[in-house]
1. Treating cross-link reach as a plain straight distance, find the lysines whose alpha-carbon is under 17 Å from the alpha-carbon of Lys35, omitting any fewer than eight places away in the same chain.
2. Which shape class applies to the chain: rounded if a/c is under 1.5, otherwise prolate when a/b exceeds b/c and oblate if not, where a ≥ b ≥ c are the square roots of the Cα gyration tensor eigenvalues?
3. So how do Ile155, Ile30 rank on accessible area, 1.4 Å probe, biggest first, that is with the largest at the start?
4. Could you order the peptides 191-197, 362-368, 211-217, 308-314 from most to least packed, using the average number of other C-beta atoms within 10 Å per residue?
5. Would the stretch 7-80 count as rounded, prolate or oblate if I go by the C-alpha gyration tensor, calling it rounded below 1.5 in a/c and otherwise prolate when a/b exceeds b/c, oblate otherwise?
6. Can you list the aspartates and glutamates whose alpha carbon sits under 13 Å from that of Lys383, skipping same-chain ones fewer than 8 residues off?
7. In straight Cα distance, which aspartates and glutamates are under 14 Å from Lys216, not counting same-chain residues fewer than 8 positions off?
8. So how far apart, in nm, are the two label points at Val119 and Leu341 if each is 7 Å from Cα heading toward Cβ?
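The values are calculated or read from the model by the stated rules, or taken from the named source; none is laboratory data. Only a predicted model underlies this, so the values are computations on that prediction, with no experimental measurement involved. Please note: Cβ atoms are built from the backbone with ideal geometry, for glycine as well, and neighbour counts cover all protein chains shown. For the accessible areas, the whole protein counts, side chains as well, though only heavy atoms, and no ligand, DNA or RNA atoms are used. Shrake-Rupley method; radii C 1.70, N 1.55, O 1.52, S 1.80 Å.
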Amino acid sequence: MEQGNGSRHVLKPMDSEQLREYGHRMVDFIADYYKTIESFPVLSQVQPGYLHNLLPDSAPDHPETVEQVLDDVKTKILPGVTHWQSPNFFAYYPSNSSVAGFLGEMLSAGVGIVGFSWVTSPAATELEMIVLDWLAKLLNLPEHFLSKGNGGGVIQGSASEAILVVMIAARDKVLRSAGKNSLGKLVVYSSDQTHSALQKACQIAGIHPENCRVLKADSSTNYALRPELLQEAVSRDLEAGLIPFFLCGNVGTTSSAAVDPLAALGKIAKSNEIWFHVDAAYAGSACICPEYRQYIDGVETADSFNMNAHKWFLTNFDCSLLWVKDQHALTEALSTNPEFLKNKASQANLVVDYKDWQIPLGRRFRSLKLWMVLRLYGAEALKTI
Ligand SMILES: Cc1ncc(COP(=O)(O)O)c(C=O)c1O
């Protein structure tokens, strides 16, 4: 395998001494990047297609050195990076990583497990349950979102996946009683400030585009959804023989920072057997602070609640936290039980298998980074950072 660069530089896939050596170098490289991050233009200045002109058309036949790759990162990749971690980055939404989050991410990559079922790595499942409970308590979420009962939390890749999985759970729950042929009658409600992730979920879940009620919100309520509008829409749909089944409320909309009146919306949802999901993707983090907790007052009426720890909670992307009141609604919609995944713990119903709470099978050990953020900064500091 010796190439022009000398065999010492050829990386073996699992050589611990090489990992030590190059891992140190990589950390130095990243630390230097952070040290100099303000010297880069925040927004990448490259033109579309720039990288095709700089990199070969096919993968190398023989190994190159880490130095060669890092050289290319400096000269070819970093110019095409928009520097999300720069203190001068103010686009989109905050997506702040941290040293603790980075260390957790590193550990997760290092341990390298794929924790889809409890048995594939019991610590991954159990730590996820524990940190989601910790955070639920910090947010003062209702008890029914904790893992000790029928509810519980799970880490998804994104708020979009969170909306999709709960919509599918809600859809299947309704269809079990209304009949599979009723799909075309199911109606979704939200304000026009809601993130496009909801529209995408509707598209994937097979909700008829004409059955998506995008209710107008205006400046008179700071762009919050008015409960009367929701009630009127639901009543009209019921009269038309349709089936209201899903409401997405918001705490912090992307374009207008609107906060919907959760308690009033939840009341309407409950009396009409509508699944009530609360999207607090970026703003939810702030609600660990007692002075902001009021923004999620009424969350006890929700069936599911989501916030992205990867947005404003110092946890490196991706780490989207979803809590559900009824975990069985999720697992009934998403579980599969092929022969090759069967194991004693799952068969005996003794454990949570997170594969049944999400779309993919494979899943990373993401709770490590959230755990490290919570432990290395502590709740008091996180409330003030
Ligand atoms: C309020 C809100 N909901 C949903 C999303 C979608 O987030 P994700 O990228 O995690 O799917 C965002 C992200 O911009 C958001 O701000």
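1. Counting by Cα, and skipping residues close in sequence, Lys35 has these lysines nearby: Lys74.
2. In terms of gyration-tensor shape, prolate.
3. Numbers: Ile155 0, Ile30 45 Å².
Descending accessible area places them as Ile30, Ile155.
4. Working: 191-197: 20.1, 362-368: 22.4, 211-217: 17.3, 308-314: 25.7.
My ranking of the peptides, most packed first, is 308-314, 362-368, 191-197, 211-217.
5. oblate
6. Glu291
7. Partners within reach: Asp192, Glu228, Glu232, Asp260.
8. It is 1.3 nm.
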